[in-house]
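The structure under discussion appears below in the form of structure tokens.
The values are calculated or read from the model by the stated rules, or taken from the named source; none is laboratory data. Worth saying up front: this structure is predicted, and the values here are computed from it rather than measured. Every residue, glycine among them, receives a Cβ derived from its backbone with ideal geometry; neighbour counts consider all protein chains shown.
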Amino acid sequence: MLRTYRRRGRHQANMSFKELNLPEPLLRALDDAGYVTPTPIQSDAIPPALLGRDVLGRAKTGTGKTAAFSLPILARMTSTPAPGSSEHAGEEGDESSPRGKSGRAPHHPTRKGQDRPGRVIRALVLTPTRELAVQNEEAFQAYGKYLDVKVLAVYGGMPIDRQMKKLKAGIDVVIATPGRLLDHLSRHTIDLRHVDFFVLDEVDRMFDMGFIQDVRKIIAKIPEDRQTLLFSATMSSEVQRLAERVQKNAVLVEVGEQQKPTDTVTQYIFPVPRDRKHELLRTILENEQWDMVLCFCATKDMAEFLTRRLHHYGIDAAELHSNKSQKERKDALDGFKNGEHRVLVATDIAARGLDIDGISHVVNFDVPRNAEDYIHRIGRTGRADATGDAVTFVAFDEEEFMDRIEQHIGTKLERRRYKDFDHGVGRFEPAGKNTLNRLRGGRRSAKRRYV
């Protein structure tokens, strides 16, 4: 049974982080980072999380979900005695504690024993990608800069020995991808028996990427008496069922509309023959001031091909896909963020969880087969209060997939011609009665041909 905790009027622009009753060291770190006003998901999720409640949060990409779970975890970790402290004696069963009132056993981070040596892993964050793991690590470190908290991200593509050495020295918060965490568990280099705070970040992507079975194996290794925070951009039936199994008496926090692309993104389509897509992209980049472009391709081979073509045209571009080493992926991301590369060419899998501010345009060089992937892609721009454009190049044989996407989002997208570019013969009809009827399930036969 989920309790809905909806956004109220006081959680608006005039609210500050100080009103959330966060500890002073966290407020100092937020001030250093220039953060004053919490986003809606933060202002709604942080209060119940500070009380020790389980939280199931849904909000679109770019709305600050990382701070919504990292801040209360850091606050609760610092407000409870360190492992081995005698301050816990006699506290078990205190009905005045927030956990007691929530209907679960009172929450004591050191309840498993008073003889634990050194640091133990008290918080575990699972993420679907290494990029998101690194970003979460950076967030925890930034927010906890004035706290005695050690954070480590563990993920594939990096030497495991280096991670093992840091784990042996003692870590408080582990942020991990499922595969690498299971590797550590099999080597007995990570101990999850003392975890009190568990986060599943980007839950919907865990399902999309086929990680859910690994996630279930990991959950079985964590104590049942814990605080569990689940965050997702969409709330599918699978996500809800998982939440019901792993959470207790959870607070449901929903911000924004479900399954609708962000209102800050302008979406449109360029019908174009498949073999002329790279020429169209070149023409646009040579004539428009698109400074930070994230371009999605369906395959690694296409990403490599497009990157080579852009280099041939004299356009700075980097590629991001699973054939690249972790160092190469990091270099590509860093170069894109600092403006060294104008274009980042990526596949869906490699780009999962990307959190990059300032992306002006997302280009769907290939139409995604899954409508949810389309929503995830265009969510890379227009983040938070910024605006952006999502442009899709649609070949004749991709119209069927585009139709499904339009049905899913409930919107007929504008089909444009780029000035002085020969698009051939395609679908350029405006969104009118006939096309809207077709979106509702009817089909209109028509011969369409690209020349």
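Within the range 429-443, does at least one residue satisfy the condition of being among the hydrophobic types (A, V, I, L, M, F, W, C), in the same structural domain as I284 (by TED's automatic domain parsing), touching a Ser or Thr at 6+ places or on another chain (Cβ under 9 Å) and at pLDDT 55 or above?
No, the range 429-443 has no match at all.
What's the number of the only condition in (1) within 16 Å of D201 (Cα to Cα); (2) touching a residue at least 40 places away in the same chain (Cβ under 8 Å); (3) surrounded by fewer than 23 Cβ atoms within 10 Å (Cβ to Cβ) that L147 fails to meet?
Answer for L147: the failing condition is (1).
I need the full set of residues from the range 184-228 which are under 14 Å from the mean Cα position of the chain (by Cα), of a type outside the set (D, E, K, R) and either within 18 Å of Q247 (Cα to Cα) or at pLDDT 95 or above (or both), in order please.
Hits for the range 184-228 are V199, L200, V203, M206, F207.
Scan the helices (runs of 4 or more DSSP H) fully inside the range 263-368 and keep the ones with 1 or more residues being touching a residue at least 24 places away in the same chain (Cβ under 8 Å) and under 22 Å from H423 (Cβ atoms).
Counting at least 1 such residues, we get 277-287, 300-312.
When only residues in the range 350-386 that are touching a helix residue (DSSP H, G or I) at 6+ places or on another chain (Cβ under 7 Å), charged (D, E, K, R) and at pLDDT below 75 count, which is nearest to K300 (Cα to Cα)?
For the range 350-386, the residue satisfying everything is R352.
I need a count of the residues in the range 21-43 that are closer than 23 Å to A233 by Cα and surrounded by 20 or more Cβ atoms within 10 Å (Cβ to Cβ).
Adding up the residues that qualify gives 6.
Being of a type in the set (D, E), buried (at least 23 other Cβ atoms within 10 Å of the Cβ) and closer than 27 Å to K168 by Cα narrows it down to one of D196, D214, D183, D225, so name that one.
None of the other options fit; the residue is D196.
Against the condition under 27 Å from I409 (Cβ atoms), of a type in the set (G, A, S) and at pLDDT 90 or above, how does A303 come out, does it pass?
Here the answer is yes, as A303 does meet what is asked.
Here are some conditions: (1) at pLDDT below 95; (2) basic (K, R); (3) surrounded by fewer than 20 Cβ atoms within 10 Å (Cβ to Cβ). R308 meets all but one. Which one does it not meet?
(1)
Kindly evaluate V134 against the criterion of being among the aliphatic types (A, V, I, L, M), at pLDDT below 95, within 21 Å of the chain's Cα centre (by Cα) and within 22 Å of A68 (Cβ to Cβ).
For V134, the condition - among the aliphatic types (A, V, I, L, M), at pLDDT below 95, within 21 Å of the chain's Cα centre (by Cα) and within 22 Å of A68 (Cβ to Cβ) - is met.
Residues being free of Cβ contacts under 8 Å to residues at least 40 places away in the same chain and either out of contact with any helix residue (DSSP H, G or I) (no Cβ under 8 Å at 6 or more places or on another chain) or hydrophobic (A, V, I, L, M, F, W, C) (or both): count how many of those fall in the range 170-202.
4
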